[in-house]
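For reference, the structure discussed in these notes is given below.
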Amino acid sequence: MLPGRTWTRLLVCLTCGGVACSDDSQGGHARAHYQETDHPVAGTLEPRSTWRWCYVHRRTV
């Protein structure tokens with residue numbers, strides 16, 4: 001992460017396991033990963049969370 005930048009949540013790609021910052025963080029690398037790879041679903045790395053986001057349908061799944 002670059003100095004002065006903060007992230008809100010880290011997401012993991014459920015297709016390849018790549019980790020990136022969420023869209024509400026500066027940079028939004030998780031969305032960029034989806035746009036580059038078409039890997040549609042990401043989940044949070046927060047312990048015991050079942051939250052998942054589908055970029056195709058733009059909703060939680």
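Collect the residues in region 38-59 that are within 13 Å of ARG9 (Cα to Cα) and touching a helix residue (DSSP H, G or I) at 6+ places or on another chain (Cβ under 6 Å), keeping them in residue-number order. Break it down into steps so the answer makes sense when it comes.
The initial filter retains those residues of region 38-59 that are within 13 Å of ARG9 (Cα to Cα), namely 42-47, 49, 51-53.
Once the filter is applied, which keeps residues that are within 13 Å of ARG9 (Cα to Cα) and touching a helix residue (DSSP H, G or I) at 6+ places or on another chain (Cβ under 6 Å), region 38-59 yields only ALA42.
So GLU46 fits all but one of (1) charged (D, E, K, R); (2) within 8 Å of the chain's Cα centre (by Cα); (3) assigned to a loop (DSSP other than H, G, I, E, B); what number is the exception?
Failed condition: (2).
Restricting attention to region 15-32, which residues are hydroxyl-bearing (Ser, Thr, Tyr) and at pLDDT 95 or above? Spell out the reasoning first.
Taking region 15-32 as the starting set, the residues that turn out to be hydroxyl-bearing (Ser, Thr, Tyr) are 15, 22, 25.
THR15, the sole residue that qualifies.
Within region 29-61, how many residues turn out to be exposed (fewer than 15 other Cβ atoms within 10 Å of the Cβ), of a type outside the set (A, V, I, L, M, F, W, C) and either on the phi > 0 side of the Ramachandran plot or touching a Lys or Arg at 6+ places or on another chain (Cβ under 8 Å) (or both)?
Of the residues in region 29-61, 5 are exposed (fewer than 15 other Cβ atoms within 10 Å of the Cβ), of a type outside the set (A, V, I, L, M, F, W, C) and either on the phi > 0 side of the Ramachandran plot or touching a Lys or Arg at 6+ places or on another chain (Cβ under 8 Å) (or both).
Within region 11-38, which residues are without any contact (Cβ under 8 Å) to a residue 24 or more places away in the chain and touching a strand residue (DSSP E or B) at 6+ places or on another chain (Cβ under 8 Å)?
Here is the first cut: in region 11-38, the ones without any contact (Cβ under 8 Å) to a residue 24 or more places away in the chain are 16-18, 20-30, 32-36, 38.
Passing the criteria: GLY18, ALA20, CYS21, SER22, GLY27, GLY28, HIS29, ALA30, ALA32, HIS33, TYR34.
Within region 19-37, track down each residue that is under 18 Å from THR8 (Cβ atoms), outside any strand (DSSP E or B) and out of contact with any helix residue (DSSP H, G or I) (no Cβ under 7 Å at 6 or more places or on another chain).
From region 19-37, those under 18 Å from THR8 (Cβ atoms) are 19-34; that's our starting set.
If we keep only those that are outside any strand (DSSP E or B) too, we end up with 22-34.
Once the filter is applied, which keeps residues that are under 18 Å from THR8 (Cβ atoms), outside any strand (DSSP E or B) and out of contact with any helix residue (DSSP H, G or I) (no Cβ under 7 Å at 6 or more places or on another chain), region 19-37 yields ASP24, SER25, GLN26, GLY27, GLY28, HIS29, ALA30, ARG31, ALA32, HIS33, TYR34.
The values are calculated or read from the model by the stated rules, or taken from the named source; none is laboratory data. Predicted model only: the values in this text are computed from it and were never measured. Positions of Cβ are generated from backbone atoms using ideal geometry, with glycine treated the same way; all protein chains shown enter the neighbour counts.
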